[in-house]
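J.: First the structure, which I've put down as structure tokens, then a few questions once you've had a look.
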Amino acid sequence: MSISIGLAGKPNSGKSTFFKAATLANVEIADHPFTTIDANHGVTYVRVKCPCESIGTPCGQCQNGARYVPVEIIDVAGLVPDAHKGRGLGNAFLDNLSRVNAIIHVIDASGGTDIEGNTVGIAQHDPVEDIEFLEHEIAMWMFGILKRNWNRLSRRIQAEGLKVERIISEQLQGVGVTDHQAKTALMQTGLLDSNPAIWTDEEMIVLCEALRRESKPLIIAANKMDIAPPELMERLISVDRIVVPISAAAELALRMAAKSGVIDYRAGDKEFTITGELNDAQEAALGKIRDLLNEKGNTGIQKCINTAVLELLNQIVAYPVEDENKLTDKNGKKLPDAFLMKCGSTPHDLAYMVHTDIGEGFLYAINAKTKMRMGEKHELEDGDVVKITSTK
């Protein structure tokens, strides 16, 4: 798995419920701050349409045409204001975020928890404040790392004629910032051609805000949509961010019921079918969830994961095969693998993902759907099934 998604947010926002609903991992969920102390690591899935649907023969790797492609998901400790100064579990939180490609920021859209994660009355807190404080904390964390030794580094840039983006990426390597992301942030802030030795703290903080946007893109999961006052949900959706309303509790209930065999439900479905006997409490609970699905369309959890990976990170899915006619591997398994790849990736990139040797010996590829040859620089499209020819 090359993609890693971080679940962030203040304590008691529903992160652990989201994580358990997305992974069915055994994690503690409680109505008080700092339930999560150490980061929880799990596997969740991007749901896409399987190519076998257009072929007309089942592949055996999907569920009724729905293909689930694994990604890593990390539920980190709750974040509180001044975490970048070490307050709360801030240092552990930020360190755990260093390796992720994108962040799902879980917010209590009901306004029922304050900025520290303590329970208050519904609509007693403005959830928009949560967006601003988390983004600020991450930017200030980056600023603290970048500011360290900056006087010496900036003099070195001038004395040796080094590229400032290279020095920034080296300083923020542990946070996952690349040369390209650093250069993009420098251009956005107008600092690319300026003298780094005279940058003010304010300019560096603005730069770090741009670095956060480039290296840790963020999507908002507006949790508790079933109890959120409409005005608060509308306020969140109007913010200039990608916002997905969700009910982590409803998704968890559906996933647990499906696991126990009393309903037929797949992650991302718009409805479920009762297949087993229910007691009165189960019937009432599932009735409320059915009403929620009828009103909202789905619980939002799968949509949130898909949006983070496919839109925020701009990924496509490609399917390598060894037999372009039968769409199988050497053992006869149809459409055996699905790879998430950056939009714009080539068959040569896919060859390297399958195996380094295949990438090094790459000759050409064949589009299994059209039977046309694809050169090494051909840009793959989402859902492409590819036969790779290699000398190795």
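J.: Keeping to segment 223-269, report how many residues are closer than 19 Å to L310 by Cβ and not charged (D, E, K, R).
T.: Qualifying residue count, segment 223-269: 7.
J.: Can you name every residue in segment 236-257 that is assigned to a helix (DSSP H, G or I) and either under 21 Å from I103 (Cα atoms) or of a type in the set (D, E) (or both)?
T.: L236, I237, A248, A249, E251, L252
J.: List, please: which pairs have Cβ atoms under 6 Å, are six or more places apart or on different chains, and start with a residue in segment 371-392 that is farther than 11 Å from E324 by Cβ and end with one that is loosely packed, with under 14 Cβ neighbours inside 10 Å and of a type outside the set (A, V, I, L, M, F, W, C)?
T.: Close Cβ pairs (under 6 Å, with a partner that is loosely packed, with under 14 Cβ neighbours inside 10 Å and of a type outside the set (A, V, I, L, M, F, W, C)) amount to E379/G344; K392/D357.
J.: Follow-up question, since we're still on this one. May I ask you to say which residue of A253, A258, A221, A228 is within 21 Å of the chain's Cα centre (by Cα) and assigned by TED's automatic domain parsing to the domain that holds R67? Steps first, answer last, please.
T.: Details: A253 fails: within 21 Å of the chain's Cα centre (by Cα); A258 fails: within 21 Å of the chain's Cα centre (by Cα); A228 fails: within 21 Å of the chain's Cα centre (by Cα).
Of A253, A258, A221, A228, the one residue that is within 21 Å of the chain's Cα centre (by Cα) and assigned by TED's automatic domain parsing to the domain that holds R67 is A221.
J.: May I ask you to say which residue of V128, V80, V120 is over 16 Å from A221 (Cβ atoms), assigned by TED's automatic domain parsing to the domain that holds A22 and at pLDDT 85 or above? Talk me through it step by step, then tell me what you get.
T.: Working: V128 fails: over 16 Å from A221 (Cβ atoms); V80 fails: at pLDDT 85 or above.
Checking each option against the conditions leaves just V120.
J.: Suppose the filter is surrounded by 19 or more Cβ atoms within 10 Å (Cβ to Cβ) and of a type in the set (D, E, K, R); does R255 pass it?
T.: yes
J.: Could you please let me know if G111 is over 23 Å from the mean Cα position of the chain (by Cα), assigned to a loop (DSSP other than H, G, I, E, B), surrounded by fewer than 22 Cβ atoms within 10 Å (Cβ to Cβ) and not aliphatic (A, V, I, L, M)?
T.: So G111 fails the test.
J.: Identify all residues within segment 348-379 that are in contact with a His (Cβ under 6 Å, 6 or more places away or on another chain) and surrounded by 16 or more Cβ atoms within 10 Å (Cβ to Cβ); write none if there are none.
T.: Once the filter is applied, which keeps residues that are in contact with a His (Cβ under 6 Å, 6 or more places away or on another chain) and surrounded by 16 or more Cβ atoms within 10 Å (Cβ to Cβ), segment 348-379 yields only F362.
J.: Any idea how many residues of segment 258-268 are at negative phi and in a loop (DSSP other than H, G, I, E, B)?
T.: Number of matching residues: 5.
The values are calculated or read from the model by the stated rules, or taken from the named source; none is laboratory data. Quantities reported herein were computed from a predicted structural model and do not represent experimental measurements. Every residue, glycine among them, receives a Cβ derived from its backbone with ideal geometry; neighbour counts consider all protein chains shown.
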